[in-house]
Structures are given as structure tokens and as C-alpha cells.
Amino acid sequence: DGGITQSPKYLFRKEGQNVTLSCEQNLNHDAMYWYRQDPGQGLRLIYYSQIVNDFQKGDIAEGYSVSREKKESFPLTVTSAQKNPTAFYLCASSRTQDVNEQFFGPGTRLTVL
Amino acid sequence: AQSVSQHNHHVILSEAASLELGCNYSYGGTVNLFWYVQYPGQHLQLLLKYFSGDPLVKGIKGFEAEFIKSKFSFNLRKPSVQWSDTAEYFCAVKTYGNNRLAFGKGNQVVVIP
């Protein structure tokens, strides 16, 4: 069953701690993306990767970091430098960097206490 | 930077009413246009897309959208909504040569039985 998995579904962390969100896809897609979704704000792009070992900053990259060591994996680290980390985080992938349809994962809701 | 506008963030209507959600973008060149839907507790999924050809696009679940190039618009319509159409709807735009999607802030639609 092909798709995108994100884990965990809910995540709680104390302020000042880094936390890594997992995103895995078995769709053999080249491109992967991380978005942040806040109420009334839509989806804002954090980072994206068009190919393994390459990634670019999106619109709100400050306080976040990513890696793309494998085609199927694109983990996102929310660092202590992110001022408002509590949010819903969505991972997506698409077949090529030319952006056909993006397929989305179920999301991770991060709450920083 | 590319921007996407969706007005009337909250829409409440009764079953069988008609729905129209506006989407305007600020880019004068070639665009690819998308509407995504997020049902309560579910993944964000593609409703319909426009790449080229007939500007009236049919999507899933009876939705359609019309691309009007002169108005920079891609409005979503459904003639008769059902309770199950309760969801958040996002318009997204990809511009030529850009490997990213820009999303609008979304429309929260509630259909009352």
C-alpha cells in the first residue's frame, strides 16, 4: 500500500529541546516537501528537496533543518531557535521536481510546552 | 513573490445550497492550478487541477473549477453541497520554472444538514 507516513501523530516537547519529525514515502517520488499549517494561515513551505542529498529553504525555514540522505526519507528537525514551534506539520511528495500532484501525509501535531 | 488569495475564510451553508469559493493569484505567466481538500481527520487530498486546455475542470465529488486567465482566478464550484462536503479547501498555484506550490489560506466550509 503506497503512501506517505509521518510519525508520531502527536508529539509533545519541552521548550528548548530539538525534536525531529519523521516522513517516509514508498511512492518512489523524487521530490519531498515540509509544510507548516496554522489556523487561518494555510500551508507555508518550510523546506523542500528535489533530489537526494539536495534541499532548499522555503518561505519559513528559520529554526528548522532537514536532511535527505535517502530517497524515501525527509526528516525535519524543529530546533530550539524556532520561536513558535507549536503547529501542525505536513510532509508531501511529488513524482518530479516539476511538481505534478503533491501527495500528503497525515501530519504531525507538535506541541511545545 | 507569488501570492494566492482566498476570501471568506469561514463559509456556512445548508445542504443542497450552491458553493463557490474564490481563488486569485498574482502572477502573469504560465501557471498550474490546484484545489486541495482536507476533510476532518483526513489527509490533504487533490480535488482537481488545471495544467492546460479546457479552462473548465471537473474534479472528484461533483466539484468543478474555472480558470479565467484575464482575471487571474480559479474559482471552485459545486451546484449542490452535501453534509460530507464539510472540510477545509485550499487553492494552490505553481508558476512556470518554479518548483514549489504557493497555497492560499484556505476556506473552512461547514455544511449544515
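The values are calculated or read from the model by the stated rules, or taken from the named source; none is laboratory data. Being a predicted model, the structure only gives us computed values, none of them experimental. Cβ coordinates were reconstructed from backbone atoms using ideal geometry, including for glycine residues, and neighbour counts include every protein chain displayed. Only protein heavy atoms, including side chains, enter the accessible area calculation; ligands, DNA and RNA are left aside. Shrake-Rupley method; radii C 1.70, N 1.55, O 1.52, S 1.80 Å.
Assuming charge only on the beta carbon of Lys and Arg (+1) and of Asp and Glu (-1), the dipole of chain A about its Cα centre is about 380 debye to the nearest 20.
Averaging the Cα positions of each part gives two centres, and for the range B:18-67 and the range B:69-91 these lie 7 Å apart.
Write down Rg/Rh for chain A, rounded to two decimals, with Rg from the C-alpha atoms and Rh from the Kirkwood relation over Cα pairs.
Details: Rg = 13.1 Å, Rh = 13.9 Å.
That ratio equals 0.94.
In the range A:36-79, the residues whose accessible area drops by at least 20 square angstrom when the other protein chains are added to the isolated chain are A:GLN37, A:GLY40, A:GLN41, A:GLY42, A:LEU43, A:LEU45, A:TYR48, A:GLN50, A:ASP59; the probe is 1.4 Å and only protein heavy atoms count.
Radius of gyration over Kirkwood radius for chain B, both on Cα atoms: the Rg/Rh ratio is 0.96.
For the range A:1-63, the dipole from Cβ point charges (+1 on Lys and Arg, -1 on Asp and Glu) about the Cα centre works out to 260 debye, to the nearest 20.
Take every DSSP beta bridge with both residues inside chain A and express the antiparallel ones as a percent of the total, to the nearest 5. Walk me through the numbers on the way to the answer.
Values: 34 of 38 bridges.
So the antiparallel bridges amount to about 90 percent of the total.
Assign unit charges at the C-beta atoms only (+1 for Lys and Arg, -1 for Asp and Glu), then state the dipole size of the protein assembly as shown relative to its Cα centre in Debye, rounded to the nearest 20. Could the numbers behind the result be given before it?
Details: 22 positive and 19 negative charges, 61 e Å.
So the dipole magnitude of the protein assembly as shown works out to roughly 300 debye.
Note on B:TYR50: accessible area approximately 20 square angstrom, rounded to 10, probe 1.4 Å, nucleic acids and ligands left out. When nucleic acids and ligands are ignored and a 1.4 Å probe is applied, A:PHE55 ends up with an accessible area of around 90 Å².
Quick one: length gained pulling B:GLN45 to B:LEU13 fully straight, 0.36 nm per residue minus the C-alpha distance?
Working: separation 32, 0.36 × 32 = 11.52 nm, distance 2.22 nm.
Extra length available between B:GLN45 and B:LEU13 comes to 9.3 nm.
With a Förster radius of 25 Å applied to the C-beta separation of A:GLU69 and A:ARG109, the computed FRET efficiency comes to 0.45.
Over 32 Å between Cα atoms: which of A:LYS9/B:LYS69; A:LYS70/B:LYS49; A:LYS57/B:LYS78; A:LYS9/B:LYS94; A:LYS9/B:LYS61 fall into that group? Display every interim value, and only then the final one.
Numbers: A:LYS9/B:LYS69 40 Å; A:LYS70/B:LYS49 29 Å; A:LYS57/B:LYS78 36 Å; A:LYS9/B:LYS94 29 Å; A:LYS9/B:LYS61 28 Å.
Pairs exceeding 32 Å: A:LYS9/B:LYS69; A:LYS57/B:LYS78.
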